[in-house]
Amino acid sequence: MHANYVIEDPLSLDRIRSILTRLEDTIIFSLIERAQFAHNSMIYQRGAFKELLELGFSGSWLEWFLKEIETFHAKARRYTSPDEYPFTASLPAPIIPPIKYPKILYPNNVNVNASILSFYTCAIVPRIALSATLKLGCIKRANGITGDDAHEDDGNYGSAATIDVEVLQAISKRVHYGKFVSESKFIADPAAFIPHIQSRNTDALAALITKPEVEQRLLQRLRKKATLYAQDFASDGEPLKDGSKGKLDVDSVVELYEHYIIPLTRDVEVEYLLQRLEGLSPEEIEKLNTQT
Ligand SMILES: C=C(O[C@@H]1C=C(C(=O)O)C=C[C@H]1O)C(=O)O
């Protein structure tokens, strides 16, 4: 979130949704970049690099990248922003005073980055990198390199992890924007939510925040965007027939949203609501309940 950017109505649902729409582009283009490299599965395996073990770090290559990058960004006060959430626990304090952001969200500790890291490394990378590994495999086999390594590993561990961090940060921002969506919906009609928050009825809360028509439009838009953005063009700018096949598996992008990003965003909305009344007095809750 920008420090001195004056936001007219920070809880406008249309404005928040426009930010989610813009993040689709960031995520699609980052996935196109990741698809240029092989799966390189060893960068996701804890303990796979003896050099990291010798440094006393027992996590994966990617977790080491996250720790190092997020440590630097934390010192530059990145994680004092209400729309930034780290994957790494126990980061250093900022070296400069935090920015005084407007208090838009209610205090909460919702952070689902562990789930994001898990589904990204286990379900998304193997499919997104598939096009590159198949292409790479052909190249390696043409050079007489055969066996499993012809599909899985191109040695670009630094490039792959650097792009992975960019994808993870974009997905994390998108999913945790669910808090702003949730606050917007709550403040528009607190009385609809309060009884279900008090009774911890997560199914009722999920039903209140879920908008199937919004989700369907998003998935339609996403498929068209991913197909267009992954399109290859001839030197004169003419689109190549079937030009998107080598750059990105479009179905994987749509399924990433349908089966992971959207459900996790809904989870964030519900988890945020469950903390929305914490610390409020009965009088304060009653005031919200009668708010028109
Ligand atoms: C984000 C929203 O809340 C829910 C989650 C959505 C998503 O993750 O794209 C879309 C619609 C809702 O089901 C919203 O209402 O815009």
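A search for C-beta distances below 9 Å between a residue of the stretch 8-31 that is more than 14 Å from Y229 (Cα to Cα) and away from the ligand (no atom under 12 Å from the Cβ) and any residue that is open to solvent by less than 60 Å² (accessible area, probe 1.4 Å) and basic (K, R), counting only pairs 6+ apart in sequence or on different chains, returns E8/R15; D9/R15. In the stretch 138-177, of all residues being in a helix (DSSP H, G or I) and over 29 Å from the mean Cα position of the chain (by Cα), the one that is modelled with the lowest pLDDT corresponds to A150.
When you check I43 against the structure, is it under 16 Å from K173 (Cβ atoms) and touching a helix residue (DSSP H, G or I) at 6+ places or on another chain (Cβ under 6 Å), yes or no? In short, no.
Tell me, which residue of the stretch 208-243 that is modelled with pLDDT of 90 or more and of a type in the set (D, E) is nearest to A35 (Cα to Cα)? Looking at the filtered set, the residue picked out is E215.
Going by the conditions given, is Q36 open to solvent by 50 Å² or more (accessible area, probe 1.4 Å) and either touching a residue at least 24 places away in the same chain (Cβ under 8 Å) or of a type in the set (A, V, I, L, M, F, W, C) (or both)? Yes, satisfied. Total residues in the stretch 107-131 satisfying the condition of being open to solvent by 50 Å² or more (accessible area, probe 1.4 Å) and assigned to a loop (DSSP other than H, G, I, E, B): the figure is 3. Within the stretch 144-162, residues that are at positive phi have Cβ atoms under 7 Å from residues that are of a type in the set (K, R) and modelled with pLDDT of 95 or more in no pair, counting only partners at least 6 apart in sequence or on another chain.
The values are calculated or read from the model by the stated rules, or taken from the named source; none is laboratory data. None of these values were measured; they are calculated from a predicted model. Every residue, glycine as well, gets a Cβ built from its backbone with ideal geometry; the counts of neighbours run over all protein chains shown. Note: areas computed on protein heavy atoms with side chains; ligands, DNA, RNA excluded. Shrake-Rupley method; radii C 1.70, N 1.55, O 1.52, S 1.80 Å.
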